[in-house]
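The values are calculated or read from the model by the stated rules, or taken from the named source; none is laboratory data. Fair warning: this is a prediction, and the values are worked out from it, not measured in the lab. When we count neighbours, we look across all protein chains shown, and the Cβ atoms used for this are built from the backbone with ideal geometry, even at glycine. Side chains included, ligands, DNA and RNA excluded: accessible areas come from the protein's heavy atoms. Shrake-Rupley method; radii C 1.70, N 1.55, O 1.52, S 1.80 Å.
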Amino acid sequence: MNSTVPDAYKKLKLPVKESYETLKANIRLYDFGTNIKTLTITSYRAGEGKTTTAYNLAVSMAKSGLKVLFVDADLHKPELMKELKGDNNLGLSNLLLGYAELNEVINITSIENLNYISCGVIPINPAVLLGSAEFRELLATVRDQYDMVIFDTPPLGSVVDSMIVASQTDGTIFVIQPGKVRYKNLEMIKEKLQKSKINLLGVVLNKIPAVDYREYYMDFDYYDSNKKYREWLNKIRKRREK
């Protein structure tokens with residue numbers, strides 16, 4: 001199925017794009033000596049921006065030339081159809097239940113190298129489907145067909161689904177909105193992930209206030225070339241000349 005995707009990635013401000021480029025680069029660096037091709041994106045609670053993070057990371061990777069599949073594995077509260085405005089009602093749950101074939105649920109987007117699978121019909125027991133032999137078979141198949149497969153999953157603080165998916169993928173990224181999650185809850189989730197031997201690649205801090213963003217980029221001056229940056233650059237040049 002074909003879908004015209006609103007390329008919201010183009011409208012992102014430069015510092016935000018740079019953040020996704022850095023995240024992509026860090027994943028690829030972590031991949032050195034390993035083989036990370038399947039990735040789980042989750043958060044502790046709803047509204048922290050995990051779906052937006054997963055989608056923009058998928059677009060960033062696709063634009064770099066990687067063949068990417070983005071899967072809406074939140075079988076409780078599907079969001080992908082709203083974002084991508086597709087018209088294919090068949091999705092992940094239909095496939096796992098045996099009501100559709102893989103080629104029927106994969107959607108080709110207007111962004112080169114980016115395909116996606118929506119949630120599909122909301123099932124009675126999502127956790128059972130995600131832990132099924134059918135899901136493992138799907139993982140094995142798409143792992144061979146794509147350079148990266150990104151699963152957008154439910155919040156870890158709500159249901160067990162994310163743990164089930166994360167235990168079967170090569171790596172997991174945890175999205176956090178600063179000030180919205182208690183530290184003890186994060187410690188609890190970290191312990192659960194470690195006990196389940198889930199490969200936690202790292203944490204993404206999302207929805208950082210604009211004032212903090214400005215202060216960060218003024219300090220490091222990636223974009224403004226102010227006096228502080230020029231002085232720092234001159235010092236490096238002088239050291240090289242010596």
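Below, the figures for the structure above:
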quantity: Residue count for the stretch 58-67, restricted to those that are touching a residue at least 60 places away in the same chain (Cβ under 8 Å) and surrounded by fewer than 24 Cβ atoms within 10 Å (Cβ to Cβ); calculated: 2
quantity: Residue check, L95 open to solvent by 10 Å² or more (accessible area, probe 1.4 Å), at pLDDT 95 or above and not hydroxyl-bearing (S, T, Y); calculated: yes
quantity: Some residue of the stretch 157-170 being β-branched (V, I, T), free of Cβ contacts under 8 Å to residues at least 60 places away in the same chain and in a loop (DSSP other than H, G, I, E, B); calculated: yes
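Matching residues to (1) polar (S, T, N, Q); (2) open to solvent by 30 Å² or more (accessible area, probe 1.4 Å); (3) assigned to a strand (DSSP E or B); (4) in contact (Cβ under 8 Å) with a residue 12 or more places away in the chain:
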residue	(1), (2), (3), (4)
I108	no, yes, yes, yes
E112	no, yes, no, yes
C119	no, no, no, yes
P123	no, no, no, yes
L138	no, no, no, yes
R143	no, yes, no, yes
I150	no, no, yes, yes
E187	no, yes, no, no
